[in-house]
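Reviewing the structure listed below.
Please treat every number below as a calculation from the coordinates, not as lab data. Quick caveat: nothing in here was measured; it's all calculated off a predicted structure. Glycine gets a Cβ as well: all are built from the backbone with ideal geometry, and neighbour counts include every protein chain shown.
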Amino acid sequence: MITPNIVDLSNGMNFINGEFKPARSGLTDQVLDPATGSVIAQVASSDAADVDEAVIAATEAFTTWSETTPRERFEMLSALADAIEGDLDRLKQIEALNVGKPLSIIDFEFDLTVDNFRFFAAAARFLDGRAAGEYMADHTSFLRRDPLGVIASIAPWNYPLNMATWKIGPALATGNTVVLKPSELTPLSAIRLAELAAEIFPPGVFNLVLGQGETTGAALVAHPDVAMVSVTGDVGTGKLIAKSASENLKRVHLELGGKAPVIVFDDADIEAVVSTLAEASYYNSGQDCTAPCRVIAGPGVFEDLAERLTAAVAALKVGDPFDPDVAVGPVISAEQQSRVAGMVDRAVAAGAELTTGGSVRAGSGFFYEPTVLVNPAQDAEIVQREVFGPVVSLQRFSDEAQALAWANDVDFGLAASVWTSDVGRAMRMSKRLQFGTVWVNDHIPIVSEMPHGGFKQSGYGKDMSVYALEHYTELKHVMIKF
Ligand code: NAD
């Protein structure tokens with residue numbers, strides 16, 4: 001293993017009302033390096049008392065923060081983007097160490113993080129509304145978009161800083177205050193973010209509480225003074241949160257799982273398909289909600305694609321995230337490793353053919369070999385359920401109707417791609433695919449200006465874009481009689 005020139009990870013504290021502090025109980029949780037399994041930090045394990053303190057601080061800060069102008073918030077969010085940009089080396093090292101992301105491929109998500117903050121900061125200066133006017137005689141009506149109050153932002157472990165950004169950025173830009181709870185597995189980049197934010201925002205505007213989902217997260221969602229919960233996570237977690245939030249009808253924004261189909265027609269550029277899949281399906285060890293993990297290929301390209309994809313995947317270098325030649329790191333935890341192994345084993349037992357990978361890598365750390373499974377049945381678990389690991393399945397369709405039916409035949413609806421040189425077919429498919437993002441002849445790129453979110457059980461609400469800003473504000477009609 002290459003020893004990273006790593007930064008100080010000793011600040012494992014909550015950040016509440018402008019101060020770093022341990023959990024009131026004094027309890028801590030261990031944070032692991034998934035590439036070795038060793039403990040790298042101890043962080044606060046918060047309970048309802050810490051959550052309450054953070055929500056009180058955020059509630060008090062809301063009274064003044066919601067009175068700031070869009071320009072003032074723009075200036076502070078831009079300063080945060082600059083601070084992150086100035087701290088990129090350290091943040092990348094923290095994320096590589098805590099998530100096991102290879103440094104060789106980490107740049108794009110940090111570039112996106114900085115750009116997201118800049119986008120939200122500026123976009124909140126241009127909120128939309130219909131024209132003011134006299135829709136009733138002697139009455140002028142106009143619209144306002146007002147902030148909601150305290151936002152609970154609950155983030156997952158796969159892109160810890162970037163997913164937090166998608167929630168914090170639009171919330172703060174529109175005049176809300178925030179309590180962020182990162183994943184208990186990956187809290188370290190959020191602590192660094194709080195250190196940077198401490199220099200910029202007034203106390204209580206941005207707060208961080210660390211801890212487990214079932215305790216810290218659940219207490220935050222249940223808190224009566226939280227106005228909205230925005231969570232990125234598992235479908236089961238989203239359902240629990242929506243249920244709890246219904247107690248006082250908090251607004252809920254859910255970015256949940258995915259099972260993205262990749263529909264490859266016989267007229268597709270197979271070289272482009274193979275190179276995209278070899279990178280995007282295994283990037284972040286496949287722990288990406290939009291990962292192209294479910295390939296559905298036409299009869300004319302199926303054999304060629306299976307052969308070339310298998311060769312490309314077998315050539316991926318797996319190992320130490322700090323090795324510049326490594327493309328695939330570990331999965332996040334021992335639990336995730338055995339979950340992936342179990343799903344692949346059951347897929348093979350159910351009749352799928354393993355063409356490469358299919359095993360846990362011996363030694364320390366939570367590694368799983370990049371895997372390709374060919375010819376699973378449409379109703380097989382490996383086709384229907386999210387693996388969230390470095391595993392791709394490949395099915396052969398007979399015609400366009402079957403390709404579309406198979407693609408839509410899952411509970412998820414986050415992202416899909418269509419590969420063809422026929423423009424009419426691309427248009428037909430993108431209309432009929434029930435997914436929040438459809439790429440044509442590509443898979444994975446995202447931009448701050450465009451929305452990201454799901455159909456079906458992938459959740460509701462959009463991250464990024466001006467549509468995210470709409471969720472963090474309430475439309476108000478003001479009517480004045482004259
Ligand atoms: P997870 O559901 O286990 O945890 C997500 C967050 O929710 C964590 O902070 C966790 O502590 C918290 N949490 C768990 N139980 C809770 C509860 N009862 N109340 C409140 N908070 C609770 O998800 P994960 O394993 O961290 O992330 C992986 C999942 O996230 C995958 O399903 C993936 O598809 C999804 N994801 C979706 C998107 C998207 O944009 N749609 C993006 C990234 C990841």
>> Taking 30 Å as R0, compute the FRET efficiency from the Cβ-Cβ separation of M450 and D146 and round it to 0.05.
In response: 0.75
>> As a test of the definition: which semi-axes, in Å, follow for segment 234-307 when you take the square root of five times each eigenvalue of its alpha carbon gyration tensor? Largest first, please.
In response: 37, 12, 9
> What longest range of the chain stays clear of loop-exposed trypsin sites (Lys or Arg not before Pro) (DSSP non-H/G/I/E/B, at most 12 other C-beta within 10 angstrom)?
Replying inline: 131-482
>> Could you work out the relative contact order of the chain? I mean the mean sequence separation of Cα pairs under 8 Å and 6+ apart, divided by the number of residues, in percent.
In response: 19 percent
> So how many Å³ per residue does the convex hull of the Cα atoms of segment 367-411 work out to?
Replying inline: 71 Å³
> Expressed in nm to one decimal, what extension gain is obtained for the pair L249 and V7 from 0.36 nm per residue of sequence separation less their Cα-Cα distance?
Replying inline: 82.9 nm
>> Bin width 5 Å, origin at 0, all Cα-Cα pairs of segment 86-145: what percent of pairs per bin?
In response: 4, 14, 16, 12, 9, 8, 7, 7, 6, 6, 5, 5, 2
>> Exceeding 26 Å between C-alpha atoms, which entries from my cross-link table qualify? They are K317/K462; K259/K462; K239/K476; K250/K456; K317/K431.
In response: K317/K462; K239/K476; K317/K431
> Residue-wise, which Karplus ³J(HN,Hα) couplings in Hz belong to segment 183-195, taking 6.51 cos²θ - 1.76 cosθ + 1.60, θ = phi - 60°, and x for glycine or proline?
Replying inline: 5, 4, 7, 9, x, 6, 6, 5, 5, 5, 4, 5, 4
> What is the Rg over Rh value, at two decimals, for segment 268-418, using alpha-carbon atoms and the Kirkwood definition of Rh?
Replying inline: 0.95
> In 10 Å bins starting at 0, how do the alpha-carbon pair distances of segment 17-121 split up by percent?
Replying inline: 13, 26, 35, 24, 2
> What list of ³J(HN,Hα) couplings, whole Hz, do you get for segment 398-403 from phi and the Karplus terms 6.51, -1.76, 1.60, once you set θ to phi - 60° and write x for glycine and proline?
Replying inline: 9, 8, 4, 4, 5, 4
> Based on the alpha carbon coordinates of the chain, what radius of gyration and maximum Cα-Cα distance (Dmax) apply, in Å?
Replying inline: 23.0, 78
> By how many nm would the segment from E214 to D325 grow when fully extended, if each residue of separation counts as 0.36 nm and the alpha-carbon distance is taken off?
Replying inline: 36.1 nm
> Using a Förster distance of 35 Å, how high is the FRET efficiency between D304 and A350, based on the Cβ-Cβ distance and rounded to 0.05?
Replying inline: 0.90
> At a Förster distance of 35 Å, what's the computed FRET efficiency of R432 paired with A131, Cβ-Cβ distance as r, to 0.05?
Replying inline: 0.45
> Looking at the chain, which longest stretch skips every one of the GluC sites (Glu not before Pro) that is in a DSSP loop with at most 13 other Cβ atoms within 10 Å, leaving the sites themselves out?
Replying inline: 200-448
> Based on the inverse mean of 1/r over its pairs of different Cα atoms, what is the Kirkwood hydrodynamic radius of segment 351-482, in Å?
Replying inline: 17.9 Å
> So what's the projected area for segment 262-356, the Cα convex hull averaged over all directions, in nm²?
Replying inline: 6.7 nm²
